[in-house]
1. Restricting to DSSP H runs of at least four residues, report the calculated mean residue ellipticity at 222 nm for the chain, -39500 (n - 2.57) per run over all residues, nearest 500 deg cm²/dmol.
2. Of Y407, Y329, Y100, how do they rank once you tally other Cβ atoms within 10 Å and put the fewest first?
3. Contour minus end-to-end for F21 and A231, with contour as 0.36 nm per residue of separation and end-to-end as the Cα-Cα distance?
4. I'd like the Karplus ³J(HN,Hα) series for the range 102-119: coefficients 6.51, -1.76, 1.60, θ = phi - 60°, whole numbers in Hz, and an x wherever there's a Gly or Pro.
5. Suppose the chain between R62 and V155 were pulled fully straight at 0.36 nm per residue; how much longer would it get relative to their current alpha carbon spacing?
6. Using only Cα atoms, tell me the angle between helix 301-312 and the longest principal axis of the chain; keep it within 0 to 90° and round to the nearest 10.
7. Rounded to the nearest 10 degrees, what's the angle between the helix 255-265 long axis and the longest principal axis of the chain, both from Cα atoms, 0 to 90?
8. Any chance you could tell me what percent of the C-alpha pair distances in the range 196-312 go past 24 Å?
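No lab work stands behind these numbers, since they all come straight from the coordinates. Since we're looking at a predicted model, the values are computed, not measured. Every residue, glycine as well, gets a Cβ built from its backbone with ideal geometry; the counts of neighbours run over all protein chains shown.
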Amino acid sequence: MFQNHLMQLLALISMEPPSRFEAAQVQDEKVKVFRALKPLSSGSLADNLMLGQYGPGSIDGRAVAGYRQEPGVDPDSNTPTFAAMKVEIDNWRWRDVPFYLVSGKRMAAKETRIIIQFKEVPHVMFRPETAAGLRANRLILGVFPEEKIGLKIQVKAPGAKECLHPATMSFNYERRREDGGHFGAYEMVLLDCIIITTLLAIDDDPDILMVLKANLELHEFTLLTAESLAAAREILAARTPALILLDLMLPDGNGLDFCGFIKEHYPHLPIIMISAKDQVADRVVGLELGADDYLIKPFATAELLARIRARLRPPALPPSESLTFDGLYIDLQNQRIKVGDQEVSLTPKQFQLLVLLATNPDRLVTRDEIQQSIWRNPKLYAWSRVIDVHIQHLRRKIEPNPSEPRYIITVVGPWLSF
């Protein structure tokens, strides 16, 4: 009686926030909820489970048969068509909080909703006669047929008297087709599956933006455009793209400074700098400030597409899900680092560097290997100290004493050891 989607809703309501909004991480948190469900013993079924069948009646004035009178159904069938169950999730957050699941056929209305009932307050500050009808707030999440959110609260009526009455704050989210009809459940699933990857291009030249938009949309990307940093900030406040194409010379600021802003607030958001500045020093500065790639204008569309797809491609991780080294814990699946009990935040490049060294313990790793594995452009960094800078920053974050490193050891010559 309890369909899969009902259990999915239970998990979504009660799970802990995943480390990243990706399928594997969300699934991990859902599984934790299901594993924490308290099993019902035979002695507790009567208090926690109710089963039933629909009987004969009428719908819109038309007589309808009961379940046992339906064609092909055994007249003595005990198959339930209604179920209500109280479940408990045995973890620190939800201990002693009941969850009620209700499902049935031929109910008064066909709908799916989640009701979250807040607890009564232990002390009411209003006078007894005012608080007589006071009820705790209730949050209602509508899933089907309408996607909506309603919050039932107590509000004061206008006037000098203390007069409270219930009111509902409501938000209704409707997704309509061009013909005016609603998207069905499976139509929405298919729509979500085919939504195109969204990118953001920041350039003060509208002609370049127009060409980029036309070319990228031909290859199944959606491109948001901004001709200034202010416009880019407005877009980022509303949504997060999958990748940013960033020009350096902008009317209201420097692209290099904005790159630092992005890496501070959106550390996992890839940036490809696009600039007419073609000197090696310009490229090195851009990359050292956090850009993931650098492309010189003019460029071929095929090369831009290849670089975009390379940056959007998920990094290959070793088969092991975690690594532990004497107080240093590396969660490869969720890209989380802990030193002792303290969680440490790393940039994408720092994390890749740490994983490369940690997956090759007790082996000397050359700078050439690091260049080819992480930056994949050894000629560009032949003279640069970018690897040394990343190692210094990484040591400051994970080493108890960076001046006497325990984890990352530099050996005389072009090698590193973990």
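1. On the way: 13 runs with 125 residues, N = 418.
Calculated mean residue ellipticity at 222 nm is -8500 deg cm²/dmol.
2. Taking fewest neighbouring Cβ atoms as first place, the list is Y100, Y329, Y407.
3. Values: separation 210, 0.36 × 210 = 75.60 nm, distance 2.58 nm.
Extending this stretch completely gives an extra 73.0 nm.
4. 10, 8, x, 9, 6, 7, 4, 8, 9, 8, 10, 8, 10, 10, 10, 9, 6, 6
5. On the way: separation 93, 0.36 × 93 = 33.48 nm, distance 4.23 nm.
Extra length available between R62 and V155 comes to 29.2 nm.
6. 60
7. The two axes meet at around 40 degrees.
8. Tail fraction, whole percent: 15.
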